[in-house]
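Colleague: Before anything else, here's the structure in question.
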């Protein structure tokens, strides 16, 4: 008696593009064990860190501009205080 291999499964068809695309998106956004403790994908964490750094730079620039504006305001009445404010703003620029 000889044994024959019989395939009873129908031939596999290619999945439609829409559900395949959706599956790829969900897989990309789903957390994996290699991701950070926050549960976000690593690319999102990198983006979040970059945005935080840019926000900190804008905040520092705004603070320096406020110091320069305050120095201009006090320049005529308290010149020494205005010089100290400009020096503080310039030291922030160098740091």
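Colleague: Scan the stretch 70-95 and report the pairs whose first residue is on the phi < 0 side of the Ramachandran plot and surrounded by 14 or more Cβ atoms within 10 Å (Cβ to Cβ) and whose second residue is at pLDDT 85 or above and not in a helix (DSSP H, G or I), with Cβ atoms within less than 6 Å and a gap of 6+ or a chain change.
Modeller: Final answer for the pair search is 82/75.
Colleague: Is one or more of the residues making up the stretch 10-20 surrounded by 10 or more Cβ atoms within 10 Å (Cβ to Cβ) and modelled with pLDDT of 75 or more?
Modeller: yes
Colleague: Within the stretch 24-47, count every residue that is surrounded by 11 or more Cβ atoms within 10 Å (Cβ to Cβ), more than 16 Å from the chain's Cα centre (by Cα) and modelled with pLDDT of 75 or more.
Modeller: Residues flagged as surrounded by 11 or more Cβ atoms within 10 Å (Cβ to Cβ), more than 16 Å from the chain's Cα centre (by Cα) and modelled with pLDDT of 75 or more within the stretch 24-47 amount to 0.
Colleague: While we're here: Scan the stretch 48-69 residue by residue and report those that are closer than 30 Å to residue 29 by Cα and surrounded by 12 or more Cβ atoms within 10 Å (Cβ to Cβ).
Modeller: 48, the sole residue that qualifies.
The values are calculated or read from the model by the stated rules, or taken from the named source; none is laboratory data. All values reported here derive from a predicted model rather than from experimental measurement. Quick reminder, even Gly has a Cβ in these numbers, built from the backbone with ideal geometry, and neighbours come from all protein chains shown.
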